[in-house]
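**Student:** I have a structure here, written as structure tokens, and I will follow up with some questions on it.
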Amino acid sequence: MIEIGAQVDLSHPAERVWRALTDRELLGRWFAEAETVEGVADRMLLHTAGLPGFEANVEVEVTERQEPELLVLACDEAGRLSELTCAVTATKQGCRLELREVSTHGAWSAEQHDPREQQLRQALTVRLPAILDWLAFQQVDLRRADGGMTAELPLIGVRGGANRNPRRRRTLVAVVAGAVLVAGTAAWVTLPPDSKPAAAPAPTATASPSVTADRTAVAPTASPSARPSRTIASATTRPSRTPSAKPSRTPASAAPPPPSAPSITARYETESDRLFGYTGEIVVGNPGGAAVTDWAVVVTLAEGTTVDDVDGANWRQDGRVITFTGAALAAGGSRTISFDVRDGRPKAREPESCTIGGQQCAGL
């Protein structure tokens, strides 16, 4: 059994993606031209001959349908049979579409397998999002009252790394600017015509209580028998007789000793990359003066990522966590681990984390 698979996260609802999967005209825009087979329900002929990885047209028939979550097709390409499963899962941003084709009779050659999978991934990540954007704009046409639809099919090509649509971005900025202008105009209209800012009250000089007390104490009275106020004498500041604080005789705490050098280290580097995956390389080193017999490198991958091949170490996978182990490392020795990763995220280049002995791997 040979398998071909690809998945993509889309910022569109599942219902719209389902329409792109099942509508014959839309299917022809992002994947291949399709025509119905006369007299046979749920059957179409895809004109795939000439596409990379395809040797002939493919006749497909729906064998299972759970709208808008699951679509299973039986495929016949000149006697080579396969089953294509389309699964749509709702996400916070929209939905995730996963396509998986498994051969049931016959097999694809090595020269046919890779181009076929690449063609499928390119259709999902480039052409399908463009068609969905066009379809969404058509469904929310801003000039429908003028008569007729104004949406145009965007150019299908490789979009930017952040998957932004400049046309939609300019439209959004224009709408926001218009809303701000309307809100400002409404606020100006509702102001009173002769509205004037009220004058701020003049600041009132408030005498400090301590200043008032001093003036009362030193002001002379009209009576000849008046005596000088003793408040003046009491106001004179006397030097404090309290002895100054003596320096503490407590000895300063000793500085902590410098951390010892790690007994084993690891450095991560992406050796090569491709559209949906990459090849990672980890160099484990022992800078100490004694051999290390028990070591493990723990790598955490992204959700839905798998490891296809590992060279240079033993490994096991538990969910998203891959643990690499191996033989003892001699003092001053090193070991190189190479592993091939299949990642469903377009242009993913590295794992989420890499640690050895609880310490982060260098280079990541």
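The values are calculated or read from the model by the stated rules, or taken from the named source; none is laboratory data. Please read all numbers here as calculations on a predicted model, not as lab measurements. A quick note on method: Cβ atoms are made from the backbone with ideal geometry, for glycine too, and the neighbour counts reach across all protein chains shown. The accessibility values were calculated without ligands, DNA or RNA, using every heavy atom of the protein model including side chains. Shrake-Rupley method; radii C 1.70, N 1.55, O 1.52, S 1.80 Å.
**Student:** Can you list residue pairs whose Cβ atoms sit under 6 Å apart, with the first residue in the range 333-344 being free of Cβ contacts under 8 Å to residues at least 12 places away in the same chain and the second being crowded, with 19+ Cβ neighbours inside 10 Å? Count only pairs 6 or more apart in sequence or on different chains.
**Tutor:** none
**Student:** Quick one: would you say Leu45 is at pLDDT 90 or above and either surrounded by fewer than 18 Cβ atoms within 10 Å (Cβ to Cβ) or of a type in the set (Lys, Arg) (or both)?
**Tutor:** Yes, satisfied.
**Student:** Checking Glu98 against (1) part of a strand (DSSP E or B); (2) more than 21 Å from Phe276 (Cα to Cα); (3) open to solvent by 30 Å² or more (accessible area, probe 1.4 Å), only one condition comes out false. Which one?
**Tutor:** Single failed check for Glu98: (2).
**Student:** Mind telling me which of the residues Asp133, Asp114 ends up being open to solvent by 80 Å² or more (accessible area, probe 1.4 Å) and not in a strand (DSSP E or B)?
**Tutor:** Asp114
**Student:** Mind listing whichever residues of the range 48-81 are open to solvent by less than 20 Å² (accessible area, probe 1.4 Å) and either modelled with pLDDT of 90 or more or assigned to a loop (DSSP other than H, G, I, E, B) (or both)?
**Tutor:** Matches in the range 48-81: Thr48, Gly53, Val58, Val60, Leu71, Val72, Cys75.
Yes/no per residue for (1) of a type in the set (Val, Ile, Thr); (2) open to solvent by less than 20 Å² (accessible area, probe 1.4 Å); (3) out of contact with any strand residue (DSSP E or B) (no Cβ under 7 Å at 6 or more places or on another chain):
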residue	(1), (2), (3)
Gln7	no, no, no
Leu10	no, yes, no
Glu15	no, no, yes
Arg19	no, no, yes
Arg24	no, no, no
Arg29	no, no, yes
Glu35	no, no, no
Val40	yes, no, yes
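**Student:** Within the range 105-140, work out how many residues are more than 19 Å from Thr48 (Cα to Cα) and polar (S, T, N, Q).
**Tutor:** Summing the residues that are more than 19 Å from Thr48 (Cα to Cα) and polar (S, T, N, Q) in the range 105-140 gives 2.
**Student:** May I pose another question? Among the residues of the range 291-319, write down those that are within 11 Å of Ile264 (Cβ to Cβ) and either open to solvent by 50 Å² or more (accessible area, probe 1.4 Å) or touching a helix residue (DSSP H, G or I) at 6+ places or on another chain (Cβ under 7 Å) (or both).
**Tutor:** Ala291, Thr293, Asp294
**Student:** Only one of Ile337, Ile356, Ile322 is of a type outside the set (Phe, Trp, Tyr) and within 14 Å of Thr270 (Cβ to Cβ); which?
**Tutor:** Ile337
**Student:** If only one of Ile322, Ile337 is at pLDDT 90 or above, farther than 30 Å from Arg96 by Cα, open to solvent by less than 40 Å² (accessible area, probe 1.4 Å) and within 30 Å of the chain's Cα centre (by Cα), which one is it?
**Tutor:** On inspection, the qualifying residue turns out to be Ile337.
**Student:** Of Thr104, Thr85, which residue is at pLDDT below 90, among the β-branched types (Val, Ile, Thr) and either open to solvent by 80 Å² or more (accessible area, probe 1.4 Å) or out of contact with any helix residue (DSSP H, G or I) (no Cβ under 8 Å at 6 or more places or on another chain) (or both)?
**Tutor:** Numbers: Thr85 fails: at pLDDT below 90.
After ruling out the rest, the residue left standing is Thr104.
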